[in-house]
Amino acid sequence: MAEPHRTEVVGDPVQVTPAMIDAYAAALGLDVDPSGSAPSLLPTVTSWAPMLAVVLQVVAEADPPMGIVLTRHHAALHRALQIGDVATSTAWAARRAGIPQGTLLEVAHDTSVGGELVAEQRTILLLVGRGGTAEDRALVREGAQVPAGGDETSSALAIAADLPSRYAAASGDDNPIHLDDEAARAAGLPGVVVHGMAVLALALDAAVRHAGGAMPKEVGAQFGRPVLPGDELTVTTWPGEGEDVVVGLRAATAAGTVLKRARVRFAP
């Protein structure tokens, strides 16, 4: 597993506005906090541009991939973004590894407001068909599952047919696999799929509701099967053990498990 030379990309400052929060929340069907706090995973949007720039730098080094697929995401959330915050995000290629399906790329992207670190994120992407060689799946195996308990809580969420286009408009993530059936099939998918970050945001929102509105401080998940427009997503949580307020998280559709090895840590 290679650790690339660290070359940082610093994104332009992004001001958090009511319109940004409203667009993101509306795309996902989330409630807007009247206090001015943004949804927990809005930093995935504010850091999108520098993260994409890092991905494009790596892609430019060799033949273009047939597709780019999200395989894992982890976020340490130090505080929620607020209306009026000016967020600056820095991204870099942290690690990469070849596997038979292509190349796994881990992108680190941190977001700060006025020098205060508010979110640390690590996203692992599969660059499909980019000549992977050695079987090294360490990057997608990271993250321990919270042992299943008997006290599970589940919610069923209907995935709107237009969620990919709405989320693309709100987030800036216009990866063709989310908008074009032909591009999605070229990447080995059945057709247009819902953004993984949108699925994770919906699952995290359900976990927060299951926890009575507690503030999430950390979330991590491995992505399994894709979610298709029109699917019903079932999100299940259960309590973990120990001093931290940690819950296990699982999401699935009728076709199988979507989020696995997932957990959320809440503020005590």
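The values are calculated or read from the model by the stated rules, or taken from the named source; none is laboratory data. Nothing here was measured: the structure is a model prediction, and the numbers come from that model. So basically every Cβ, Gly included, is an ideal-geometry build from the backbone, and we count neighbours across all protein chains shown. The area values use the complete protein model at the heavy-atom level, side chains included, leaving out ligands, DNA and RNA. Shrake-Rupley method; radii C 1.70, N 1.55, O 1.52, S 1.80 Å.
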Taking segment 15-30 and keeping residues over 17 Å from Leu163 (Cβ atoms) and either touching a His at 6+ places or on another chain (Cβ under 6 Å) or not in a strand (DSSP E or B) (or both) leaves Val16, Thr17, Pro18, Ala19, Met20, Ile21
Taking segment 78-92, which residues are open to solvent by less than 10 Å² (accessible area, probe 1.4 Å) and either among the charged types (D, E, K, R) or in a strand (DSSP E or B) (or both)?
-> Ala87, Ser89, Ala91
Residue satisfying all of: in segment 160-171; surrounded by 15 or more Cβ atoms within 10 Å (Cβ to Cβ) and not hydrophobic (A, V, I, L, M, F, W, C); nearest to Trp48 (Cα to Cα) among these | Ser171
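Considering Val258, Val208, Val227, which residue is within 18 Å of Leu77 (Cβ to Cβ) and hydrophobic (A, V, I, L, M, F, W, C)? Before you say what the answer is, go through the steps one by one.
On the way: Val258 fails: within 18 Å of Leu77 (Cβ to Cβ); Val227 fails: within 18 Å of Leu77 (Cβ to Cβ).
Going through Val258, Val208, Val227 in turn, just one is within 18 Å of Leu77 (Cβ to Cβ) and hydrophobic (A, V, I, L, M, F, W, C): Val208.
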Listed residues Asp174, Asp181; which is within 15 Å of the chain's Cα centre (by Cα), farther than 23 Å from Val247 by Cβ and open to solvent by 60 Å² or more (accessible area, probe 1.4 Å)?
-> Asp174
Just a yes or no: is a residue in segment 57-71 closer than 27 Å to Gly191 by Cα and among the hydroxyl-bearing types (Ser, Thr, Tyr)?
-> yes
What is the number of the single condition among (1) under 29 Å from Ala160 (Cα atoms); (2) open to solvent by 20 Å² or more (accessible area, probe 1.4 Å); (3) in contact (Cβ under 8 Å) with a residue 12 or more places away in the chain that Val10 does not meet?
-> (1)
Identify, please: which residue in segment 151-209 is β-branched (Val, Ile, Thr) and in contact (Cβ under 8 Å) with a residue 40 or more places away in the chain and is, among those, nearest to Ala80 (Cα to Cα)?
-> Val208
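Please state which one of Leu228, Leu233 is within 18 Å of the chain's Cα centre (by Cα), open to solvent by less than 20 Å² (accessible area, probe 1.4 Å) and not basic (Lys, Arg). Write out each step before concluding.
Working: Leu228 fails: open to solvent by less than 20 Å² (accessible area, probe 1.4 Å).
Unique residue meeting the criteria: Leu233.
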Mind checking which residues of segment 43-64 are open to solvent by 30 Å² or more (accessible area, probe 1.4 Å), in a helix (DSSP H, G or I) and within 15 Å of Val128 (Cα to Cα)?
-> Leu56
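Which is closer than 28 Å to Arg225 by Cα and either in contact (Cβ under 8 Å) with a residue 40 or more places away in the chain or not hydroxyl-bearing (Ser, Thr, Tyr) (or both), of Leu56, Leu81? So that I can check it myself, show each step before the final result.
Values: Leu81 fails: closer than 28 Å to Arg225 by Cα.
Leu56 is the lone residue from the list that is closer than 28 Å to Arg225 by Cα and either in contact (Cβ under 8 Å) with a residue 40 or more places away in the chain or not hydroxyl-bearing (Ser, Thr, Tyr) (or both).
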Which strands (runs of 3 or more DSSP E) sit wholly inside segment 181-268 and have at least 2 residues that are modelled with pLDDT under 95 and more than 23 Å from Ile124 (Cβ to Cβ)?
-> 232-239
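Does Ile99 satisfy the criteria of being open to solvent by less than 40 Å² (accessible area, probe 1.4 Å), over 20 Å from the mean Cα position of the chain (by Cα) and of a type outside the set (Asp, Glu)? Quick ask: steps written out before the conclusion?
Working: open to solvent by less than 40 Å² (accessible area, probe 1.4 Å): yes; over 20 Å from the mean Cα position of the chain (by Cα): yes; of a type outside the set (Asp, Glu): yes.
Yes.
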For segment 137-180, enumerate the residues that are at pLDDT below 90 and either out of contact with any Gly (no Cβ under 7 Å at 6 or more places or on another chain) or polar (S, T, N, Q) (or both).
-> Arg137, Ala138, Leu139, Val140, Arg141, Glu142, Ala144, Gln145, Pro147, Gly149, Gly150, Asp151
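Output the number of residues of segment 13-32 satisfying the condition of being touching a residue at least 24 places away in the same chain (Cβ under 8 Å), open to solvent by 30 Å² or more (accessible area, probe 1.4 Å) and out of contact with any strand residue (DSSP E or B) (no Cβ under 6 Å at 6 or more places or on another chain). Full working, then the answer.
Initially, segment 13-32 is screened for residues touching a residue at least 24 places away in the same chain (Cβ under 8 Å), giving 13-18, 20-21, 23-24, 26-30.
Pick out the ones that are also open to solvent by 30 Å² or more (accessible area, probe 1.4 Å) and you get 13-15, 17-18, 20, 23, 26, 29.
Pick out the ones that are also out of contact with any strand residue (DSSP E or B) (no Cβ under 6 Å at 6 or more places or on another chain) and you get 17-18, 20, 23, 26, 29.
Count: 6.
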